[in-house]
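The values are calculated or read from the model by the stated rules, or taken from the named source; none is laboratory data. As the structure is a computational prediction, the values presented were derived from the model and not from experiment. We place every Cβ from the backbone using ideal geometry, glycine too, and count neighbours over all the protein chains shown.
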Amino acid sequence: MSVRLHRTLSVLTFLAASCLLCPELLAQASDDADRLRATYLSMKLLLEHNSFHRRLYLDSQESPSTVTGEIYAVMDHPFATVSDALGDPSKGAANWCDVLLLHPNVKYCHVSDSSNGNTITVNISQREAATELGSTYQLRFNYDAPISSPGYFRVRLHADSGPLNTRDYEIALEVASLDSERTFLHLTYAYSYGTLGRLAIKGYLSTFGSGKVGFTNIADPSALQPEYVDGMRGLVERNTMRYYLAIDAWLGEPPGSPDMRLEQRLSNWYSASEQYPRQLHEIDRQQYMQMKQQEYRRQPMEQ
């Protein structure tokens, strides 16, 4: 990235981020849909001028006990399409399983019903390569029934505990219609940890996660080269982006047989992730495709 472009984006970032705090915009939001659309209007500069090659803004926050990644993005899908796929309580949980499985570290996903609602059980691995389920970690997400209103829906997945002494995992998605062909998406991925959890994650970052970075450029505006955030924020940014790309790839699959749709879905996800090789490249396309096809095939057998 050139110095001139970097400085331009820095100015745009400042202006747009400042506008996010403008009370006159958000005060006009009479409901959730209006609030999310007001957020869209307040950050149009960030969405249209960035280094992601798509209308997207990513942010992350780290506190002593929590790390959070957020993505705001314009989706080229009608609201009805997105709502039917991910906001319909009758099939949303099962579709979320298909979405989550596109993430390289997610090795298994199963939906079960109970008197308290749907539970989404996810097996994850520290490594992106093929892994036996016996060496994975298991997360049990409570799938909250979607909250919806005209032109808006919100859905939340929450797990009380996770691997490496982590807790309070949350994947939250809210979507509002912009026009007949576009929707505005807000995705949040977050989790918490205590002292042991922080030490365990730092151990992971020094081994499997060594040298990996996120997307936020923390370099001085005068720097000739970007310097990307690493550590806990880098980790949450990579995973937030992977889940966003999974949603986008799943929504973008064409009609056809289940096998054809799966192959296209996997291809879409991999192609999108390779736009960011510094952050997301782990395995080659053939390895990813074969690994995920095997993982999808073993779903019914494990259930």
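Kindly check whether there is at least one residue in region 207-215 that is within 14 Å of the chain's Cα centre (by Cα) and crowded, with 20+ Cβ neighbours inside 10 Å. Among the residues of region 207-215, at least one is within 14 Å of the chain's Cα centre (by Cα) and crowded, with 20+ Cβ neighbours inside 10 Å, which makes the answer yes.
Against the conditions (1) modelled with pLDDT of 90 or more; (2) out of contact with any helix residue (DSSP H, G or I) (no Cβ under 7 Å at 6 or more places or on another chain); (3) of a type outside the set (A, V, I, L, M), residue 143 satisfies every one except (2). Within region 100-126, the set of residues being touching a strand residue (DSSP E or B) at 6+ places or on another chain (Cβ under 9 Å), of a type outside the set (Gly, Ala, Ser), buried (at least 17 other Cβ atoms within 10 Å of the Cβ) and not in a strand (DSSP E or B) comprises 100, 101, 103, 105.
Within region 127-138, not a single residue is in a strand (DSSP E or B), within 29 Å of residue 270 (Cβ to Cβ), in contact (Cβ under 8 Å) with a residue 40 or more places away in the chain and not aliphatic (A, V, I, L, M). Filtering region 225-271 to residues that are more than 13 Å from residue 69 (Cβ to Cβ), more than 13 Å from the chain's Cα centre (by Cα) and surrounded by 21 or more Cβ atoms within 10 Å (Cβ to Cβ) leaves 265, 266, 270. Kindly establish whether residue 156 is under 19 Å from the mean Cα position of the chain (by Cα) and under 16 Å from residue 122 (Cα atoms). So residue 156 passes the test.
Can you name every residue in region 172-186 that is under 13 Å from residue 40 (Cα atoms) and not charged (D, E, K, R)? Write out each step before concluding.
As a first pass, look at region 172-186 and keep what is under 13 Å from residue 40 (Cα atoms): 174-179, 182-186.
Listed by number, the residues that qualify are 175, 176, 177, 178, 183, 184, 185, 186.
Restricted to region 107-144, and to residues that are of a type in the set (A, V, I, L, M, F, W, C) and touching a Pro at 6+ places or on another chain (Cβ under 8 Å), which residue is nearest to residue 293 (Cα to Cα)? Once the filter is applied, the top-ranked residue is 124. For region 175-276, the helices (runs of 4 or more DSSP H) that sit wholly inside it and include 1 or more residues that are in contact with a strand residue (DSSP E or B) (Cβ under 7 Å, 6 or more places away or on another chain) and at pLDDT 90 or above are 231-251.
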